[in-house]
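The values are calculated or read from the model by the stated rules, or taken from the named source; none is laboratory data. Keep in mind that this is a model prediction, so the values were computed, not measured. Positions of Cβ are backbone-derived with ideal geometry, glycine not excepted, and every protein chain shown enters the neighbour counts. Heavy atoms of the whole protein, side chains included, go into the accessibility calculation; ligands, DNA and RNA do not. Shrake-Rupley method; radii C 1.70, N 1.55, O 1.52, S 1.80 Å.
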Amino acid sequence: MRIRSLPARPVVLLFTRHYLPGFRAGGPIRSIANMVERLGDEFEFRIVTSDRDMGDTAKYPGLIGSEWSQVGKAYVRYIDPQDMSLSALRRLIGQTPHDLIYLNSFFDPWFTIRILLNRLLGRTWGAPIVIAPRGEFSAGALALGRAKKSVYLGITRAIGLYAGLHWHASTEHEKEEIRQALGRVAEGRIGVARNLAQAAGDECIRWLGRPTQSPVRVCFLSRISPKKNLDFCLKVLSRVRAPVDFSVYGPVESASYWNECQTLIAGLPEHIRVIHAGEVRPTDVLHSLSRHDLFFFPTRGENFGHVIHEALRAGLPALISDQTPWRDLAARGVGWAIPLQDVQGYVDAIEEVADWSPEEGRQCSERAQRYARSLDQDDELVSSNRRLFLGALRECA
């Protein structure tokens, strides 16, 4: 081991499939944007990303090819993913001064795997590499396409594709998931730093109380894909006796999955009304959420879950699965984190909210916002992310 002397403002060369101004990819964009905002004065971030939002065929307007654009506190290089050959990536990395490489996915074929293949072929750049799986090793995430992922994990372990890397786990639980998936490949090099929440802004969002005698207003906000588990929401709602207005926000990532959900919607009882409200721009998320009484998000796995934080900021209790770090909601009186096997538990939670008095709803809303603010102001979360980078920079095996 050799100890590296650190530059005054280390350069982090970061690869991620989607970034601002994109928003459809959800949490991963927010994770990086919040990291840049909180640490961008101490580290120079150079971000390489796709030149279009998730699901788009057209590029972002106004892009100038092969140039770095300043976006907030970072410099961003937008690239057509089809142009990211092994040799093109090697040239890009070689021509970009950097002290550390950060990869924002484990399975991404363009923005992770091709970079590591270059490394395996001996085309190294002398900088440590940190990789953030972003919940890709959760049980629910691995269950989607399990056979293909198992084969890939076996091959990459055998060839040593991930040997010697540093790992960013968001929680101790995710640290154990990485260790279980990779074994000795990751041993001893997993740092834990919770994803950074968005810094508190000047907005003054207040929960819009539920009108008397109206249905309970429940919402889902995420990509419409199997991992986010919208079909589970609909199966739960089919068993709820209270009248519900259920709003579904988010882009359709999988058309076939959305067709399955529409079939379930057609079979719901008359007192359950579903509204597909479409995409929500990031600037409108809090206002959209505040018009509801409960956030329903039974995800199959999140390493953080920025939308859960946003729901709490908007004053909503959250009804979520136990596959996220937000497992203390019930203890704090701001929601429920329930195993996906306990369908009746979800039904009971929705019916409990439907029975709340206006005062009970108001008190829960205030608790939710206080909890969200406490995370916004937690300096230790920033410090743990800083230590993650500095630890990798100081140690170069």
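The residue of region 11-43 that is most open to solvent (accessible area, probe 1.4 Å), among those that are of a type in the set (D, E, K, R) and touching a residue at least 60 places away in the same chain (Cβ under 8 Å), is E37. Scanning region 288-313 for residues that are under 21 Å from R217 (Cβ atoms), in a loop (DSSP other than H, G, I, E, B) and either of a type in the set (S, T, N, Q) or at pLDDT 95 or above (or both) yields a total of 5. The set of residues from region 150-179 being closer than 15 Å to T112 by Cα and part of a helix (DSSP H, G or I) comprises Y152, L153, T156. Exactly one condition in (1) within 20 Å of R30 (Cβ to Cβ); (2) at pLDDT below 95; (3) of a type in the set (G, A, S) is false for A74; which is it? The one condition A74 does not meet is (2).
On inspection, G345 passes the criterion of being of a type outside the set (F, W, Y) and either without any contact (Cβ under 8 Å) to a residue 60 or more places away in the chain or surrounded by fewer than 24 Cβ atoms within 10 Å (Cβ to Cβ) (or both).
Can you say whether W326 is in contact (Cβ under 8 Å) with a residue 12 or more places away in the chain and open to solvent by 10 Å² or more (accessible area, probe 1.4 Å), as far as the supplied structure shows? Here the answer is no, as W326 does not meet what is asked. The listed residues are A314, A368, A354, A372, and the only one of them that is over 21 Å from the mean Cα position of the chain (by Cα) and either farther than 22 Å from I205 by Cα or in contact (Cβ under 8 Å) with a residue 40 or more places away in the chain (or both) turns out to be A354. Per the conditions (1) more than 24 Å from A8 (Cα to Cα); (2) touching a helix residue (DSSP H, G or I) at 6+ places or on another chain (Cβ under 6 Å); (3) surrounded by fewer than 22 Cβ atoms within 10 Å (Cβ to Cβ), the sole criterion not satisfied by W125 is (1).
The rows are residues; the columns are (1) in contact with an Asp or Glu (Cβ under 8 Å, 6 or more places away or on another chain); (2) open to solvent by less than 10 Å² (accessible area, probe 1.4 Å); (3) touching a residue at least 60 places away in the same chain (Cβ under 8 Å); (4) in a loop (DSSP other than H, G, I, E, B).
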| position | (1), (2), (3), (4) |
| --- | --- |
| P7 | yes, no, yes, yes |
| F45 | no, yes, no, no |
| T57 | no, no, no, yes |
| S69 | no, no, no, no |
| V76 | no, yes, no, no |
| P97 | no, no, yes, yes |
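Of all the residues in region 182-215, those that are within 28 Å of E136 (Cα to Cα), of a type in the set (V, I, T) and at pLDDT below 80 number 1.
Yes/no per residue for (1) in contact with a Cys (Cβ under 6 Å, 6 or more places away or on another chain); (2) at pLDDT 90 or above; (3) under 28 Å from E177 (Cβ atoms):
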position: G94; (1), (2), (3): no, yes, no
position: Y102; (1), (2), (3): no, yes, yes
position: S105; (1), (2), (3): no, yes, yes
position: I113; (1), (2), (3): no, yes, yes
position: L117; (1), (2), (3): no, yes, yes
position: G126; (1), (2), (3): no, no, no
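Selection of region 135-149 for residues being touching a Phe, Trp or Tyr at 6+ places or on another chain (Cβ under 8 Å) and outside any helix (DSSP H, G or I) yields G135, E136, F137.
Within the option set A143, A139, being surrounded by fewer than 18 Cβ atoms within 10 Å (Cβ to Cβ) and at pLDDT 85 or above holds for one residue only, A143.
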